[in-house]
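One structure is given below, encoded as structure tokens.
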Amino acid sequence: MRVGVLTGGGDCPGLNAVIRAVVRKGVGEYGYEFLGFRDGWKGPLENVTCELGIPQVRGILPRGGTILGSSRTNPFKVEGGVERIKENLASNGVDALVAIGGEDTLGVATKLSELDVKVVGVPKTIDNDLGATDFTFGFDTAVNIATEAIDRLHTTAESHHRIVVVEVMGRHAGWIALHSGLAGGANVILIPEVPFDIEKIVEHVESRFRTNYSPIIVVAEGATPKEGTYALHNEELDSFGHVRLGGVGDMIAQELEKRTGKEARAVVLGHTQRGGTPTAFDRWLATRFGLHAIEAVHDGDFGQMVALRGTDIVRAPLAEATRELKVVTPELYAEAGVLFG
Ligand code: F6P
């Protein structure tokens, strides 16, 4: 058996741990051969491959990023893309694929598996917004990086009696904002799921200053203001209809400065949340995902994705993972006690 492996979408700490586990168990236990496809679906589409075996996966467990490279290429948006993928898999003697990725990469895997390509998926995203799995690897690392930043920002905010607005990643879901905001003791947490009311934030910020406290506001990049409460100054929206990456934190800081008369600063954590070495939890989860993914290949259980349910790794149909995004529930948001919608 020859198995192809690819990583697609935004990179994520733990990708290398998955690749390593897949290859080590595949070679050691099943005697499989592997072929790496470079840069997500671009690899099988354009036949860009690389050697993948025990020597290539040695020492990569703690390394961030992905040794296979990544891209957001979608073969269904390319004329004849699916046929080219099938031809390239056949010409390389690849019998099955392990596709490691998020919503888009697994969406492609879902459609390809319906077209008889043998594929097993591994869910990945720092955003933790994939359905069918309790957690994705990369999320814990991102939350830890954001929490450390919030801890540091508390002390500088206090020293200067400033408001600090910390913008974290999360276009469609506020998981990173919610978890890091709670862990870092933020005063306000704003998420895409609940449009925010700037007036309520102003009231809260002012009440914090009355007790001599400098507030920290954590905002997910996809958060938007409640309609009719506050006009955005920066009208530039991305293709999802959200304020451009890096925009919302800055705009909130400017608006709060204007309305409260207090100095405010915005800090955009951006891609630092995705870079560098994975936490122990993410290495543990990614390794288990890899071991179970190659087991699914061995069982011939294609069209499936590995998933975490409680502490068990299970298999779920690929279509289930991409059907609906997993977003923060109103109950969880309410529990945090930081409602500003
Ligand atoms: O989906 C993961 C993610 O990190 C999002 O949180 C973020 O909006 C996006 O990717 C950034 O994408 P890019 O790396 O293409 O700028």
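The alpha carbons of the range 40-110 give a radius of gyration and a Dmax of 13.0, 39 Å, in that order. Expressed as a whole percent, the accessible surface of the range 44-142 that belongs to carbon and sulfur atoms is 46, based on a 1.4 Å probe. Listed peptides 116-123, 255-262 appear in the order 116-123, 255-262 once ranked by packing, highest mean of other Cβ atoms within 10 Å at the front. Per residue, the range 1-97 exposes an accessible area of 42 Å² to a 1.4 Å probe, with every protein chain left in place.
Rounded, prolate or oblate: which one fits the range 72-121, using the alpha carbon gyration tensor with axes a ≥ b ≥ c (rounded when a/c is under 1.5, else prolate when a/b beats b/c, else oblate)? Oblate shape, in that a/c is at least 1.5 and b/c is the bigger or equal ratio. P(r) for the range 81-180: what percent of alpha-carbon pairs falls in each 10 Å bin, starting at zero? Once binned at 10 Å, the Cα pair distances of the range 81-180 give 14, 32, 22, 17, 10, 5, 1. Hydrodynamic estimate: the Kirkwood radius of the range 280-341 over Cα pairs, inserted into Stokes-Einstein at 4 °C and 1.567 mPa s, corresponds to D of 93 µm²/s. Listed by chain and number, the lysines placed with their C-alpha closer than 23 angstrom to that of Lys124 are Lys25, Lys42, Lys77, Lys111, Lys326; residues fewer than eight positions away on the same chain are left out.
Restricting the calculation to Cα atoms, every distinct pair contributes to the Kirkwood radius of the chain, found to be 20.9 Å. Computed over the chain with a Gaussian network model linking Cα atoms closer than 10 Å, the most mobile of Ser159, Ser214, Ser71 is Ser159.
Charge dipole of the chain (Cα centre as origin; +1 on each Lys and Arg Cβ, -1 on each Asp and Glu Cβ, all else neutral): 760 debye, rounded to the nearest 20.
Fully extending the segment from Arg2 to Glu324 would add 112.7 nm, taking 0.36 nm per residue of separation and subtracting the current Cα-Cα distance. Neighbours of Asp129 by Cβ distance under 15 Å: Lys/Arg scored +1, Asp/Glu scored -1, total -4. Distance from a point 7 Å along Cα→Cβ of Ser159 to each backbone N in the range 207-228: keep the residues under 18 Å and list them by number. Residues 213-216 fall inside that zone.
The values are calculated or read from the model by the stated rules, or taken from the named source; none is laboratory data. Quick caveat, the model's predicted, so the values are computed rather than measured. Cβ coordinates were reconstructed from backbone atoms using ideal geometry, including for glycine residues, and neighbour counts include every protein chain displayed. To get the accessible areas, we keep the full protein, side chains included, count just its heavy atoms, and leave off ligands, DNA and RNA. Shrake-Rupley method; radii C 1.70, N 1.55, O 1.52, S 1.80 Å.
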